[in-house]
């Protein structure tokens, strides 16, 4: 028994290693080098935005078609999105060509470095250089310190990173700029040359750095922006071919900043808004589609009256939602937003007769991180062959849902993704086949039920069911 | 209807219709049926939609206090199933005692709502249980109109039935307890009450076992739904007794009462909360006594039949009666003395003696709906029915039958109870509506007949235009006739005017007074716009989201149900006021100094204290205004709390002249903590209490053992956290 298990383990292990070996075939080619690198880190909100400009040059013999980006393991865990673009400058006009970026599993990275692979449009031959613009977003990377603050204090956070850019390639020249939201920077690690000007910190320029250079830094600064994190968001998009798409969104919102400690004083919150509860937030703005109708905002004990809707027929409608109470650090709130949008804005028919829904994927709230997003697309009863097309990797499965007067149930396409940021608000499509005859099923069912009911009434009135006739007098 | 009838008679009078007189007659009958059914349908719908004002004005939500408990239990029932519900021990209320929910509630309402919910779910209507709960009351109100129709038909005629249905559909006395969202026991209980009475009257009228069985089931439903079933189990024996005394005893009565009583009693015993009370409690003894009396009566009747000798029978009667009465009295005495038969409860006493509660049970007297009724609220809830009621009684006495005797007794007793307690107006409403309907129907019928009989002699005439001329010429012959006719028309117009006023009044009352959920407060802003104070839900939701899930919240008992239902947190006391000592402990904590209160709160494991405060918004039913009841209830159990300590010369005040104990007790401190820094009204000093219109007396409040945890945006609910004890070293 034990031997068998060991054997099986060994087998599994060997398969696993061979798999990972085969996957790691495009090993970092040493022929590339980075001539110039500039990194700008935006620490304004709780989503850390990093803009990386790389000038990559091929110094080897063979042409290179991929460029590797390296991330430390903690960074890789908090990485929400990586985008890359090639800069093509023609006649003084810069244009950006988006490139494919995919995570890749390489075993030989030092200290568990994680890699992303950028696929170039055309291979880089010897001596050629290309400019790359990389944007990546980190969530949950600002650690509040002190962990608990009282109402009158403002929120300070740590940001940890490396002064030097982590890269598998040698970097000739590089610099890193950090932008803090306010000029209040409590402390920062110095890796000379380091400079601070008001809200901006500069690390570098550093010259001639070897691959995998790393020098950790900590920046401690004030950040009072809303740390709005949606722990769980379930978006249910229900398609009705009778003319509307109904969207219901269940939120579990939390203030993920420094936890509130001790007293909450309403007097101070009311009378000194600039000094009291500066890190708390009162409202959030949701961007809803144009021509949105029948909007509601409620939670499981009823309607929340504090919301304002500005509808717009052309552009986005704006819904300003105010939770029942201001959210201080660690406070939670759950609520539901629901609305309907006209069907013709989002449902289209493909050339081959299949229908597809084209809807935005992410969370409509601005500046929020969604830890776990579930998008459920409820297709009408009787639809067939559903499939979803999403521009980034998501988990997919199917469910059944029974709604009003359903007999066979509706197919639900469930898409799940973790760590979602507003940049994920790109459209996705769900394709399915549907015959309009199914639309008549429910009305027909209702009419037949009423018809049967009246028939039963008529029969009951006409038929004499009494056993013995009572004599008429 | 009257107009249609006239039309029918017109048709009859026209020469063409003479050919097919027979078929036309049938048609009139069918027409009448059609009209009757459509009127009933309209009334049914009207009764439903007039109760939806609250949904339109506010939202589809559960109202007030008790409905929240009912909603919570219904939710539990639908989620966990009936057996779990029946055996539910709720540790979230009455901490640390807990409450056996299954054994201490009337499950009728919850089971009904859950049943409706399951049926709808089965039919694939994806409704939420909250919607079902919100609409249960209007739905049953609609059903009540149907019962009222049949009852009216049974009492008088179908016309009276229709009027009764229409009157009860919009009667404010009933609407006050059955608007959408008022998910309380009374919502289904009034339906059950009227149904039971109707079925019983029907059973007495026909002596039918089937009807009396049905009424037993109606009674069972009533017992399962509301504690007010006591009214039925006492009124019916009283009615039977009256029939016996007035010599209206019959075999029909014997069958109806015995069947109904025995079966109803056995069925009622299945409700755990009621249990064996039917044979063990003083309130139910009247029914049992009458039951035995019926047997004696029957027996005597049989003996009388056998003996055929008046003198012998008289002697026998004397002996038997003395024996029966003495045996009954001895049984009652022994039962009471041995404790087998429990004495009457305080609530029952307070019905018979309105001043009883005030002296003995402050917890009952503290509830506003238990106060004696003011005349204005009679007028408010009944409007013209109050005038029509005596008229209806007159008609009932004019045509005395078993059924009318019943309605007269129901009307008179329930009117008495309505006078004793505001909330019992509800019980009186169906009776008042029925009796008034008899008055309206009989009056209108008489008058319209008068009007029509005058036109009859003129039917040989040519057209309608000359009719009045002819009658006036006839009037010359008979002096009284023209006045009679004109008077009848005038009175008819008057009656219609009154009924219109009634409808207008009812709609106005419903929309303005009875549709407020009391959780959400609405007020008019400075510019006439509608301002909503949603502070209760703000606070409860804050509790639900931001406190540990096992936190214990202490508040006055009014808010207990709401905190458990909306805040999902454990409470010390709630609106099921079953343990007076526990409530008194909370009352004592609220009226003690902070350090003494801290000891009490520590002993109860309290984590949060919640108070309701209206000083900023001018909301008058807050805890400071209820405070004297806390003192009274607390003082009733703990004599250290004395009411005079909180009063100055018998006056209750919160300003500088207030009693020192008042200014430093926990409730005062929690309500006014840091209130002195706030300017509430322009031109008034800071710390001006808008609910009481005074500047508060203690502006410098320091809290030692508690800290402010949350205060809602309009300060209506304030939550304090009880600090952990200090380190001893």
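Enter the per residue convex hull volume of the protein assembly as shown, computed from alpha-carbon coordinates, in Å³ rounded to the nearest integer. Display every interim value, and only then the final one.
Details: hull volume 396.2 nm³, N = 1202.
Normalising the Cα hull of the protein assembly as shown by residue number yields 330 Å³.
Over every pair of different alpha-carbon atoms in the range B:533-722, take the mean of 1/r and invert it; report that Kirkwood radius in Å.
16.5
Could you work out the helix-only [θ] at 222 nm for chain B, with each DSSP H run of four or more residues adding -39,500 (n - 2.57) and the total divided by the number of residues, to the nearest 500 deg cm²/dmol? Let's see the in-between values first.
Numbers: 31 runs with 447 residues, N = 729.
It comes out at -20000 deg cm²/dmol, rounded to the nearest 500.
What are the extents of the Cα atoms of the range A:294-434 along their three principal axes, in Å, largest first?
50, 34, 32
To the nearest whole number, what is the average tally of beta carbon atoms from other chains within 10 Å of the beta carbons of peptide B:537-546?
Details: counts 7, 5, 2, 2, 11, 7, 0, 7, 12, 9.
Average per residue, whole number: 6.
Regarding the range B:478-615, what is the average projected area of its C-alpha convex hull, in nm²? Working shown, then result.
Numbers: hull surface 62.6 nm².
Average projection, Cα convex hull of the range B:478-615: 15.7 nm².
Taking a quarter of the surface of the convex hull around the Cα atoms of chain A, what do you get in nm²? Please list the in-between numbers first.
On the way: hull surface 162.7 nm².
The number I arrive at for chain A is 40.7 nm².
What percent of all Cα-Cα pairs in the range B:601-675 falls into each 10 Å bin, going from 0 up to the bin containing the maximum distance?
Taking all Cα pairs of the range B:601-675, the binned fractions are 17, 49, 30, 4 percent.
Note down the Stokes-Einstein diffusion coefficient of the range B:95-188 in µm²/s, whole number, using a Kirkwood radius over alpha carbon pairs, 25 °C, and 0.890 mPa s.
Working: Rh = 15.0 Å.
Stokes-Einstein gives a translational diffusion coefficient of 164 µm²/s.
Over the range B:284-413, with a single point scatterer placed on each C-alpha, what log10 of the ratio I(q)/I(0) does the Debye formula yield at q = 0.11, 0.15, 0.17 1/Å?
-0.75, -1.03, -1.08
Please work out how much length the chain gains when fully extended from residue B:387 to residue B:723, using 0.36 nm per residue of separation minus the C-alpha to C-alpha distance, in nm with one decimal.
Details: separation 336, 0.36 × 336 = 120.96 nm, distance 6.03 nm.
Length difference between fully extended and current span is 114.9 nm.
FRET efficiency for residue B:250 and residue B:86, Cβ-Cβ distance as r, R0 = 41 Å, nearest 0.05? It would help to have the intermediate numbers written out before the result.
Numbers: r = 41 Å, r/R0 = 1.01.
So, using R0 = 41 Å, E works out to roughly 0.50.
Given labels modelled 7 Å from the Cα in the Cβ direction, how far is it in nm from residue A:158 to residue A:385?
It is 5.6 nm.
Consider all pairwise Cα distances in the range B:326-382 and report the whole-number % of them above 12 Å.
On the way: 1153 of 1596 pairs.
In whole percent, the long-distance tail amounts to 72.
As I understand it, the value is the acute angle between the Cα axis of helix B:129-155 and the longest principal axis of the Cα atoms of chain B; what does it come to in degrees, rounded to 10?
Result, in degrees: 30.
What distance in nm separates the two pseudo spin-label positions at residue A:275 and residue B:347, each 7 Å out from Cα along the beta-carbon direction?
Placing both labels 7 Å beyond Cα along the Cβ direction yields 5.5 nm.
I'd like the antiparallel share, as a percent to the nearest 5, of DSSP beta bridges with both residues in the range A:228-438.
90
With labels modelled as points extended 7 Å from the Cα through the Cβ direction, what inter-label distance (nm, one decimal) is found for residue B:320 paired with residue A:403?
About 7.3 nm separates the two model spin labels.
Rounded to the nearest 0.05, what FRET efficiency do residue A:306 and residue A:395 give with R0 = 45 Å and r taken as the Cβ-Cβ distance? Could you check?
So, using R0 = 45 Å, E works out to roughly 0.80.
Can you give the mean number of other chain Cβ atoms that lie within 10 Å of the Cβ atoms in peptide B:48-61? Show your work: numbers first, answer last.
On the way: counts 0, 0, 0, 0, 0, 0, 0, 0, 0, 0, 3, 5, 3, 4.
Counting other chains' Cβ atoms within 10 Å and averaging over B:48-61 gives 1.
Just to confirm the number: angle between the C-alpha axis of helix B:402-420 and the first principal axis of chain B, 0 to 90 degrees, nearest 10?
30
What angle, in degrees between 0 and 90 and rounded to the nearest 10, separates the Cα long axis of helix B:108-122 from the longest principal axis of the Cα atoms of chain B?
80
When the C-alpha atoms of the range B:555-655 are aligned to their principal axes, what extent does each axis show, in angstrom, from largest down?
42, 33, 25
How much length would be gained if the chain were fully extended between residue A:192 and residue A:121, taking 0.36 nm per residue of separation minus their Cα-Cα distance, in nm to one decimal?
Values: separation 71, 0.36 × 71 = 25.56 nm, distance 3.73 nm.
Once the chain is fully extended between residue A:192 and residue A:121, it gains 21.8 nm.
I need the P(r) histogram for chain B: all alpha carbon pairs, bin width 20 Å from 0 out to the longest distance, whole percents.
Per 20 Å bin, starting at zero, the Cα-Cα P(r) for chain B comes out as 14, 41, 30, 12, 2, 0 percent.
Per residue of A:260-268, what is the mean number of Cβ atoms on other protein chains within 10 angstrom of that residue's Cβ?
6
Would you mind checking the range B:33-60 for residues with the amide N under 16 Å from a putative spin-label position 7 Å along Cα→C-beta of residue A:454?
B:38
For a quick size check, give me the Cα extents of the range A:96-172 along its three principal axes, largest first, whole Å.
The principal-axis extents, from largest down, are 59, 32, 25 Å.
Please compute, over every Cα-Cα pair in the range A:32-222, the percentage with a separation greater than 28 angstrom. All intermediate terms of the calculation are to be shown ahead of the outcome.
Working: 4990 of 18145 pairs.
Value for the range A:32-222 (Cα pairs over 28 Å): 28 percent.
Just the number: Rg to Rh for the range A:112-151, Cα atoms, Kirkwood Rh, two decimals.
Values: Rg = 19.4 Å, Rh = 15.1 Å.
Rg/Rh for the range A:112-151 comes to 1.28.
Where a number appears in this text, it was derived from the coordinates with a stated rule and is not lab data. What you are looking at is a predicted structure, and each value in this text was computed from that prediction instead of being measured. Backbone-built Cβ (ideal geometry, glycine too); neighbour counts: all protein chains shown.
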